[in-house]
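Here is the structure we will look at.
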Amino acid sequence: MTIALGVLVSGSGTNLQAILDAIALRTLDARVAVVVSNVRHVEAIERARRAGVEAVVIEHTAFADRRAFDSRVVDTLRARGVELVVLAGFMRIVTDVLLDAFPMRIINVHPALLPSFPGVHAPRQALAYGVRIAGCTVHFVDSGTDTGPIVAQAAVAVHDDDDEERLRNRILAEEHALLPRVLQWIATGRVVIDPPASSAGRCRVLVRDMAAATGTRERQEG
């Protein structure tokens, strides 16, 4: 039985393409039930249509506020039986409307080793700070900005001659590998959310047999 994904996009959709490719190669037991874009005429929409996947445009500018926009997105996802929501280059801050509709069922990929460099322009921030290791993180989404429980990370060395574009492209290549892998872990029931021990704590994400599957490239985070 495959898991039904709803993929939210705002741009070129390269992570969407990585998901579609993994499904085609049968390394990901999932189907993309719908792709939702908040922007018209982006490449992600064409990628979906070329793959025979329904693409829906819901322009955020047509709504009075973020919650009203998210309400329409939720209706669209639910109508298509979506079980897991993937933010794949989705440039909108989600509200409690979406979070409550899919509690701990929203996944995001971020181009930094969280908790370092949340928000926009993470590779630029990494270069400005002078780190020697950058990377990407796949995490569940909560009400904060890139603060949700971490599922997995992949590291990228920062080279002396890197500029923002070169570093971003190397990180993006890791995203394309890591995101479908994590989705497959979820699809096969290997991801377990460990609740916090107290109200002041935070939940951890446990991945069964992670070391056997990935070696040392990613590590469990909490």
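The values are calculated or read from the model by the stated rules, or taken from the named source; none is laboratory data. All values reported here derive from a predicted model rather than from experimental measurement. Glycine also receives a Cβ, built like all others from the backbone with ideal geometry; neighbour counts cover every protein chain displayed.
Matching residues to (1) of a type in the set (Gly, Ala, Ser); (2) under 14 Å from Glu164 (Cα atoms); (3) without any contact (Cβ under 8 Å) to a residue 40 or more places away in the chain:
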position	(1), (2), (3)
Asp100	no, no, yes
Arg105	no, no, yes
His110	no, no, yes
Leu113	no, no, no
Ala128	yes, yes, yes
Worksheet item: Which number in (1) assigned to a loop (DSSP other than H, G, I, E, B); (2) under 18 Å from Val182 (Cβ atoms); (3) not β-branched (Val, Ile, Thr) marks the one condition that Gly81 misses?
Response: (2)
Practice prompt. Name every residue in the stretch 132-147 that is in a loop (DSSP other than H, G, I, E, B) and either under 25 Å from Arg26 (Cα atoms) or more than 11 Å from the chain's Cα centre (by Cα) (or both), in order of residue number.
Written response: Arg132, Asp142, Ser143, Gly144, Thr145, Thr147
Discussion item. Could you go through the stretch 46-69 and let me know if any residue there is in a strand (DSSP E or B) and either of a type in the set (D, E, K, R) or surrounded by fewer than 21 Cβ atoms within 10 Å (Cβ to Cβ) (or both).
Written reply: yes
Discussion item. Suppose we keep only residues that are in contact (Cβ under 8 Å) with a residue 40 or more places away in the chain and of a type outside the set (Lys, Arg) within the stretch 88-98. Which one would you say is nearest to Gly6 (Cα to Cα)?
Written reply: Ala88
Worksheet entry | Candidate set from the stretch 177-202 (those that are surrounded by fewer than 18 Cβ atoms within 10 Å (Cβ to Cβ), closer than 21 Å to Gly6 by Cα and of a type outside the set (S, T, N, Q)); member that is modelled with the lowest pLDDT | Ile193
Worksheet entry | Of residues in the stretch 203-216 being of a type outside the set (A, V, I, L, M) and either in a strand (DSSP E or B) or surrounded by 14 or more Cβ atoms within 10 Å (Cβ to Cβ) (or both), the one modelled with the highest pLDDT | Arg204
Discussion item. So if I check each of Val7, Val85, which one is in contact (Cβ under 8 Å) with a residue 12 or more places away in the chain, more than 23 Å from Val192 (Cβ to Cβ) and out of contact with any Cys (no Cβ under 7 Å at 6 or more places or on another chain)?
Written reply: Val7
Fill in: Among the residues listed as Arg26, Arg31, the single one being among the basic types (Lys, Arg), over 24 Å from Glu174 (Cβ atoms), surrounded by fewer than 21 Cβ atoms within 10 Å (Cβ to Cβ) and free of Cβ contacts under 8 Å to residues at least 60 places away in the same chain
Arg31
Worksheet item: Any idea which residue in the stretch 151-193 is nearest to the chain's Cα centre (by Cα), counting only those that are outside any helix (DSSP H, G or I), within 16 Å of Arg105 (Cβ to Cβ) and not polar (S, T, N, Q)?
Response: Val151
Worksheet item: Which residues, taken from the stretch 84-113, are part of a strand (DSSP E or B) and touching a helix residue (DSSP H, G or I) at 6+ places or on another chain (Cβ under 6 Å)?
Response: Val109
Item to complete: Scan the stretch 9-45 residue by residue and report those that are in a helix (DSSP H, G or I) and not hydrophobic (A, V, I, L, M, F, W, C).
Response: Thr14, Asn15, Gln17, Asp21, Glu43
Worksheet item: Hey, Gly119 hits all of (1) modelled with pLDDT of 95 or more; (2) out of contact with any strand residue (DSSP E or B) (no Cβ under 6 Å at 6 or more places or on another chain); (3) surrounded by fewer than 16 Cβ atoms within 10 Å (Cβ to Cβ) but one; which does it fall short on?
Response: (1)
